[in-house]
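FYI, it's all coordinate maths here, none of it is from the lab. Bear in mind the structure is a predicted one, so any value in this text is a computation, not a measurement. Reconstructed Cβ throughout: ideal geometry from the backbone, glycine too, with neighbour counts over all protein chains shown.
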Amino acid sequence: MKKKILMVIANYYAEISDNLRINALEEIKERTKIKVIFVPGVFEIPVVISQNIKKYNAFVALGCVIKGETPHFEFISQSATDAIMQLSIDSKKPIGNGILTCLNSNQAIKRSKTRGSEAVYAVLKLLDLISND
C-alpha cells in the first residue's frame, strides 16, 4: 500500500521554495503518494499539517526564514519548529522539517538545493521503521 505524504511549502521566498520542492520531489519514492500545499509563510505550516494530520501517513515541511534586523526571525523559527515537533510527537507521525533558518539569502539558496531531499529522506526512513514494527 502506498504511503500518503503531505508536503507543505511556504513560498514566501519563491526561488528558495522552488529549489526545496524540486529536490524534495526527486527524493520521493514511487511507493508514496504525495500532495503539495503552498502556504504564504513558515508560520502557517503547522496549522495546515494539523488540519490534515489524520489524512496522511507523514508530512514534509519546507520553507525558509532569513534573519533580518528584528527578533522576528527567532520568534518564527522557534515557534514553527516547536509546533512541528509537538505535532509529530502527539500524532506519532513523522514530519520532516525542511525549514531553513538562514542568516542571509546566499546561504538560503545554497542550502535549498539539498535540504528538501534530506527532509524527505528522513521521513521515508521513519516510515520504514514504523511499518516494520
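Of note:
- Overall shape: prolate for region 40-91, with the ratio a/c of the largest to smallest alpha carbon gyration tensor axis at 1.5 or above and a/b above b/c.
- Remark on residue 11: its backbone amide H falls under 5 Å from those of 39, 41, a criterion applied only to residues 5 or more positions apart or on other chains, H modelled at 1.01 Å from N.
- Considering helices alone, the calculated mean residue ellipticity of the chain at 222 nm is -16000 deg cm²/dmol, with DSSP H runs of length four and up weighted by -39500 (n - 2.57) and normalised per residue.
- The dipole here belongs to region 1-100: it is taken about the Cα centre, uses +1 on the Cβ of Lys and Arg and -1 on the Cβ of Asp and Glu, and is about 820 debye.
- Protection proxy ranking, highest mean first, for peptides 23-31, 93-101: 93-101, 23-31, where packing is the per-residue count of other beta-carbon atoms within 10 Å, averaged.
- Taking region 57-71 and a reference point 7 angstrom along Cα→Cβ of residue 103, the backbone N atoms nearer than 15 Å belong to 66-69.
- Between the amide H of residue 101 and those of 65, distances stay under 5 Å, these residues lying 5 or more places away or on another chain, with hydrogens modeled in the peptide plane.
- Across 2/125; 3/110; 2/92; 67/113; 33/67; 33/110, pairs whose alpha-carbon gap is larger than 24 Å: 3/110; 33/67; 33/110
- Beta bridges from DSSP with both residues in the chain: antiparallel share about 0 percent, rounded to the nearest 5.
- Tensor-based shape of region 75-129 (alpha-carbon gyration tensor, a/c under 1.5 rounded, otherwise prolate or oblate): oblate
- Cα lying deepest toward the dipole's positive end in the chain, options 56, 87, 114, charges on Cβ: 56
- Taking a ≥ b ≥ c as the square roots of the Cα gyration tensor eigenvalues, region 30-117 comes out oblate, since a/c reaches at least 1.5 and a/b does not exceed b/c.
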